[in-house]
Amino acid sequence: MLTAGAMNVRAKGYRRGTHRAVPPEETWQRIRPQLARYGVTRVADVTGLDDIGIPVFQAVRPASRTVSLSQGKGLTPAAARVSAAMEAIELWHAENPPPASTTATARRLDLPYELTALDLAEGSLLHADMPLPWLDGEGLLSGAPVPVPEPAVRLDHTYRAEWTPPLFRTTSNGLASGNTIAEATAHALAELCERDALARLRARPRTDWYRLDLGSVDDSDCRCLLDQYAAAQVSVDVVVANREPACFEARIRSEAHPVTYTGAGCHLDPAIALLRALTEAAQSRLTAIAGARDDLPPMLYRSVGERPQTREDLGTRTAAWWRQPADATDGDFEADIRTLADSIATRTSTEPIRVVLPSPTGIPVVKVIASGLDFDDRTNVSASAGRPRSNGGE
C-alpha cells in the first residue's frame, strides 16, 4: 500500500521539475504492484514517436469508464512514467466514488457556497430544490465539514439506457493524486487555478496578451527543454496567463507538423509552471501522433495539410522572466495549500472544498471543487484543430 509511512506528510522531499514528497522512482516502486487493481494493463514509453525527446508515457486501462489512455510527461522518464500511471489511478477513483452520505436538496443543507456557480453541464437543469446525493467534503481554509454533490465528483461516460437530467459537467478538473493527501491537494488547487486563468485569458483579446520573453528565462531545466525544441526545429511561444500563482500556456509548431499544440502549467514557482507547460505541449503533440487517445478530434487529422505555415499572432506585448521569492515556495505542502486556497477564496469569496476519495490500496486521491471559478473545457490537444469537450483526463 502507498502510505506516508515514516515520511513527513507535509514535507517536499523532491524538487526537480515538480514538488513531491519523494522521488518518482520511489513512487513507482510503491504504485507498480497496485496497477492491476486499477485495471492498468500497460505503461508505455512513447517518447520516440516524436523527435522532440521530452519524455512522454501512456497508461492503458481498457475497462475505463472515461478514457482508456492516460498521459504522463516529465523532465525524466521516471517522472513521466509515474505521471501517466497516477493519472489512470486518479480516474479510477473518480469513476468509483464512495457511497453518498445523504440525499437532500441544496436548500435544506444551507450550503456555504453557490450550488449553481459550480461547473455545470450545458443546458443544466440543476436547481436548489432538486434532491441530490452528497459526499462529505472539507473547507480548505476553515476545516469545516461541507457537503459536495456526488455527481460533481463522479466521472462516468458509459452508456445508460435511461434519461438523466444534465447537471454538472463531467471533467477531471481538480482531481489529483499524490504520495500524501497534502501533496495531492496542492496539485489539485494548482490545476483549478490554471484552468481559471486560461479561461480568463481566452476571454481577453489577443492584443492584451503577454508573451513570455523566452530569452530571459534563466532556469536551467526550462532552458534545457527550450533547447530540445530548438534542436527539433519546433517553434515555441509562451503566453503569460497569470503571475500569482504563475500560469503559462505554451504553444508549439513546426513545419514538419503544422498544427499548433498547447500545454499549460500553474505553480507558485514560475519555473515549475513553465516546465509543466512546455512538457504538456510535447505530450499534446505526441498524443496526436500516437493516435490512441479516445477523445481526439477527427478534424485534427482531416485538415493537417491545409494549415498555414505562419505562426499565430499573439500580440506584441512581452513579459520578462521572473523568479518567485524563495520563501514563497520553500514551505511545505500545507503552506502551498493555504496560499492557493487563499488565492481562490479572494477571487470567488468562497473557500475551495476537498473530498478525499477512499482508496482500496491507500493511494491518496482528492477532488477539490471551487464554486465561482471559471473553466475553459477545451482540450490541449491542438489549439488550431478544433476544441472538443474534455472527456475527463488531461
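The values are calculated or read from the model by the stated rules, or taken from the named source; none is laboratory data. Note that the structure is predicted; figures quoted are calculated from it, not measured. Virtual Cβ from ideal backbone geometry, glycine too; neighbours counted across all protein chains shown. Heavy atoms of the whole protein, side chains included, go into the accessibility calculation; ligands, DNA and RNA do not. Shrake-Rupley method; radii C 1.70, N 1.55, O 1.52, S 1.80 Å.
See the values below:
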quantity: Long-range amide H partners of V146 with built H, under 5 Å; calculated: G137, E138, G139
quantity: Integer Hz, Karplus 6.51/-1.76/1.60 couplings in order for the stretch 63-73, x for Gly and Pro; calculated: 8, 4, 8, 10, 9, 8, 10, 9, 9, x, 9
quantity: Exposure ranking of L226, L141 by accessible area [1.4 Å probe, largest first]; calculated: L141, L226
quantity: The stretch 66-148 - Rg (one decimal) and Dmax (whole number), Cα, Å; calculated: 17.3, 50
quantity: Unit charges at the beta carbon, dipole of the stretch 81-204: most positive-side option, P99, I181, L155; calculated: L155
quantity: With Cα atoms, 0 to 90° folded angle of helix 181-202 axis to the chain main axis; calculated: 60
quantity: Among P352, P33, P364: highest mean-square fluctuation, GNM of the chain, C-alpha pairs under 10 Å; calculated: P33
quantity: Residues whose placed amide H lies under 5 Å from that of A121, excluding near-sequence neighbours; calculated: L167, F168, R169
quantity: Residue-level accessible surface for V82, protein heavy atoms, 1.4 Å, Å²; calculated: 20
quantity: Cut-off 14 Å, label 7 Å out along Cα→Cβ of N96, residues of the stretch 148-191 by amide N; calculated: 155
quantity: Y301 accessible area, 1.4 Å probe, all protein chains in place, Å² to nearest 10; calculated: 110
quantity: Whether the stretch 188-230 is rounded, prolate or oblate, judged on the alpha carbon gyration tensor where a/c under 1.5 counts as rounded; calculated: oblate
quantity: Partnerless cysteines, meaning none of the other Cys C-beta atoms lie under 4.7 Å away, in the chain; calculated: C193, C222, C224
quantity: The chain: angle of helix 270-290 to the longest principal axis, Cα-based, in degrees nearest 10; calculated: 80
quantity: Mean shadow area of the chain over all directions, Cα convex hull, nm²; calculated: 18.7
quantity: GluC sites (Glu not before Pro) within the stretch 144-208: DSSP coil, no more than 12 neighbouring Cβ in 10 Å; calculated: E162
quantity: Carbon/sulfur fraction of accessible area - the chain, other protein chains in place, 1.4 Å, %; calculated: 49
quantity: Global geometry of the stretch 173-273, whether rounded, prolate or oblate, following the gyration tensor of its Cα atoms and the 1.5 cut on a/c; calculated: prolate
quantity: The chain: most fluctuating residue of T350, T158, T260 per GNM, C-alpha cutoff 10 Å; calculated: T158
quantity: Candidates R16, R169, R154: whichever shows maximal mean-square fluctuation once the chain is modelled as a Gaussian network with Cα springs under 10 Å; calculated: R16
quantity: Exposure of S101 as accessible area (Å², to 10), given a probe of 1.4 Å and all protein chains; calculated: 70
quantity: Segment T41-T116, extension gain: residue separation times 0.36 nm, minus the distance between their alpha carbons; calculated: 23.1 nm
quantity: Span from the the stretch 121-149 Cα centroid across to the the stretch 201-257 one, whole angstrom; calculated: 37
quantity: At 1.306 mPa s and 10 °C, Stokes D of the stretch 1-129 from Kirkwood alpha-carbon radius, µm² per second; calculated: 91
